[in-house]
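So the structure is just underneath, and the comments pick up after that.
Rule-based calculations on the coordinates, nothing more; no lab input. Just so it is clear, the structure is predicted and the values come from calculations on it, not from any experiment. Every residue, glycine as well, gets a Cβ built from its backbone with ideal geometry; the counts of neighbours run over all protein chains shown.
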Amino acid sequence: MRTRTRLVALTTLLLVASVQRASGQIVQNGSFESLPHTSTCATCYYYNPTDVPSWTFQGNTGIISGPGSNFNTPSPFPDGNQVAFLQSSANPLANQFYQSVVLTGGDYTLSYFDAGRSTACCGGNTRYDVFLGSILLTQQTTATDQAFGSHTISFSAAPGTYQLSFTLDPSTFVGDNTAFFDQVKIADVLVDSV
């Protein structure tokens with residue numbers, strides 16, 4: 001009886017440890033909410049902000065604070081009051097936002113929301129790529145006036161540190177087009193299914 005009790009206790013401990021591992025965020029600040037400027041401007045946008053925890057922005061990318069900015073973002077936002085954006089330009093390869101993520105190895109899902117800019121001045125026809133290191137996880141296209149919609153991509157990865165990047169595709173449409181992003185998450189499939 002004592003051996004069975006110890007086995008149950010050990011199994012419970014391992015299960016709790018797995019659940020605790022799953023509760024940690026692999027993607028940090030995935031809803032882009034940790035930006036000091038939010039209290040001073042409800043409808044602003046920031047190109048290449050350098051003070052967004054965990055994220056780096058390059059080229060025509062940044063953060064939009066609140067629906068109603070000049071970017072004509074669809075609302076409501078999936079999570080919170082801020083989203084990231086990718087805007088087309090003459091040099092699309094320079095337009096990306098990214099962060100480093102640490103994976104323990106195994107099967108994962110990447111999930112996020114995207115939307116396209118409305119037609120008030122410009123468009124939302126934007127093709128973009130999502131990379132994990134040098135591996136293309138998905139290529140998607142937003143459309144003008146597209147409301148926020150979700151994507152879920154399954155992938156496997158060896159243990160290591162990777163750069164998760166959202167990059168304007170070199171073949172993106174010409175003109176002033178912008179895609180918006182929110183609630184970026186990576187989940188460990190094995191741990192989250194326990």
Between Ala94 and His151, how many nm apart are label points set 7 Å from Cα along the C-beta direction?
2.4 nm
If the chain between Ser75 and Asp51 were fully extended at 0.36 nm per residue, the gain over the current Cα-Cα distance would be 6.2 nm
Computed label-point distance, nm, for sites Ala158 and Gln58 using a 7 Å Cα→Cβ extension:
2.4 nm
What does the extension gain come out to for Asp176 and Ala143, with contour length at 0.36 nm per residue minus their alpha carbon separation?
10.6 nm
